[in-house]
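My structure is below; once you've seen it, I'll send some questions.
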Amino acid sequence: MNKRTASLTLRRAIPCFVAFAAYVIVLVVSLRLLAHGVEGRAAELAVSLSPVIPVIALCFCIVRLIRGMDEMHRAIQLEALSMSVAATALATFSYGFLENVGFPKVSLFVVLPLMCGFWAAGTVLAQWRYR
Amino acid sequence: MKNCIQELRAARKWSQADLAEQLDVSRQTVNALERGRYDPSLPLAFRIARLFGVAIEDVFQP
């Protein structure tokens with residue numbers, strides 16, 4: 001990557017890190033508030049769902065980051081995301097069947113980190129194809 | 001698809017980074033193009049041909 005595109009990509013990536021940091025902060029605050037107890041069902045729901053707001057911002061930042069990439073890197077990300085969706089679907093579907101035969105129930109919170117992990121692995125694999 | 005981007009670039013004594021900057025793509029993309037690992041879109045193929053001042057069919061061969 002040349003200096004100009006590298007610095008542009010880095011500049012576009014900064015909002016993603018900021019949004020992720022905001023997510024962690026809001027999540028910690030939300031969990032602490034819920035642990036201390038929030039009065040009223042509506043307030044409880046609002047506090048519980050508050051970490052979703054920085055996640056929405058993160059989604060927009062990721063879209064902006066991908067739109068700023070050149071065509072080959074967009075193709076790499078498309079392949080990586082396709083692999084990630086397929087791998088996550090296979091993993092969650094298979095584990096769902098295993099839960100029927102006594103495997104412990106797993107929270108839905110596992111799905112996103114799993115998908116992100118497959119996305120990262122997919123990016124490495126897809127980039128390797130174009131080297 | 002075969003191409004002669006590397007030869008055209010070398011004739012002008014440009015580095016991959018120089019070419020990448022002029023095409024507004026990453027250096028990895030230029031490398032993948034030269035090695036024939038990535039086939040460019042039609043708009044990028046035209047930009048490459050225009051930059052070198054040659055016809056598109058003189059750069060890319062099926």
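Answer with yes or no whether A:A91 is within 22 Å of A:I62 (Cα to Cα) and assigned to a helix (DSSP H, G or I).
So A:A91 does not fit the description; no.
Mind checking whether some residue in the range A:56-64 is open to solvent by 70 Å² or more (accessible area, probe 1.4 Å), assigned to a helix (DSSP H, G or I) and over 28 Å from B:R27 (Cα atoms)?
yes
Would you check which residues across the range B:16-62 are open to solvent by 40 Å² or more (accessible area, probe 1.4 Å), closer than 17 Å to B:K2 by Cβ, within 10 Å of chain A (Cβ to nearest Cβ) and touching a residue at least 24 places away in the same chain (Cβ under 8 Å) and list them?
B:D39
Still on this structure: Taking the range A:70-87 as the search range and keeping residues that are charged (D, E, K, R) and within 18 Å of B:R27 (Cβ to Cβ), which one is farthest from the other protein chains (Cβ to nearest Cβ)?
Filtering first and then ranking leaves A:R74.
The values are calculated or read from the model by the stated rules, or taken from the named source; none is laboratory data. If you're wondering where the values come from, they're calculated on a predicted model, not measured in any experiment. In this analysis, Cβ positions are derived from the backbone assuming ideal geometry, glycine residues included, and neighbour counts consider all displayed protein chains. Heavy atoms of the whole protein, side chains included, go into the accessibility calculation; ligands, DNA and RNA do not. Shrake-Rupley method; radii C 1.70, N 1.55, O 1.52, S 1.80 Å.
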